[in-house]
Amino acid sequence: QVQLVESGGGLVQPGGSLRLSCASSRSISSIYVMGWYRQAPGKQREWVATITDGGYIKYADSVKGRFTISRDNAENTVYLQMNSLKPEDTAMYYCNAPVGSEDYWGQGTQVTVSS
């Protein structure tokens with residue numbers, strides 16, 4: 001079993017930055033892929049970015065060039081650096097780790113972009 005705990009969300013003005021963290025209860029060095037998703041009010045959860053244990057990274061087009069995903073296996077943590085934030089980035093952000101036949105999610109951290 002894997003427990004994921006997100007942190008780092010908050011209220012930020014348009015153009016600002018936030019860094020989200022996702023701490024895992026177990027070593028992530030053996031977890032092939034980890035990712036970030038988000039869900040805005042009234043909308044379906046959408047994929048934001050993923051990173052493999054080998055460092056292969058993919059981003060949704062909506063965040064490409066503004067967000068950076070990274071992982072620190074020593075700290076068992078995955079990060080999402082978010083720059084040039086826009087109001088449309090407002091959402092609950094979730095960390096995800098598929099392990100075996102299970103799909104693990106954190107409780108989410110709220111990001112609100114507003115002036």
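Taking the accessible area of the chain, probe 1.4 Å, and keeping the other protein chains in place, the carbon and sulfur fraction comes to 46%.
Could you do me a favour and compute the accessible area per residue for the range 7-84, 1.4 Å probe, result in Å²?
53 Å²
Exposed loop sites were defined as chymotrypsin sites (Phe, Trp or Tyr not before Pro) in DSSP loop states (anything but H, G, I, E or B) carrying at most 16 other C-beta atoms within 10 Å; in the chain the longest segment without such a site runs 57-115. Label-to-label distance for D61 and S30 is 3.9 nm, based on points extended 7 Å past Cα in the beta-carbon direction.
Near I28: Cβ cut-off under 12 Å, other residues only, Lys/Arg at +1 and Asp/Glu at -1. The net charge is -1. Database remark: amide H of Y104 closer than 5 angstrom to the amide H of A97, V99 (H placed geometrically; neighbours at sequence offset of 5 or more, or on other chains; Pro and chain starts carry no H).
Charge tally around I51: other residues with Cβ under 10 Å, Lys/Arg +1 each, Asp/Glu -1 each, net +1. Taking label positions 7 Å along the Cα-Cβ direction at both Q107 and T68, the computed distance is 3.0 nm, reported to one decimal. Using a simple spin-label model with pseudo-atoms 7 Å out from Cα toward Cβ, Q3 and Q81 lie 3.0 nm apart.
The values are calculated or read from the model by the stated rules, or taken from the named source; none is laboratory data. In this text, all values refer to a predicted model and were calculated from it rather than measured experimentally. A quick note on method: Cβ atoms are made from the backbone with ideal geometry, for glycine too, and the neighbour counts reach across all protein chains shown. For accessibility, only protein heavy atoms count, side chains too; no ligands or nucleic acids. Shrake-Rupley method; radii C 1.70, N 1.55, O 1.52, S 1.80 Å.
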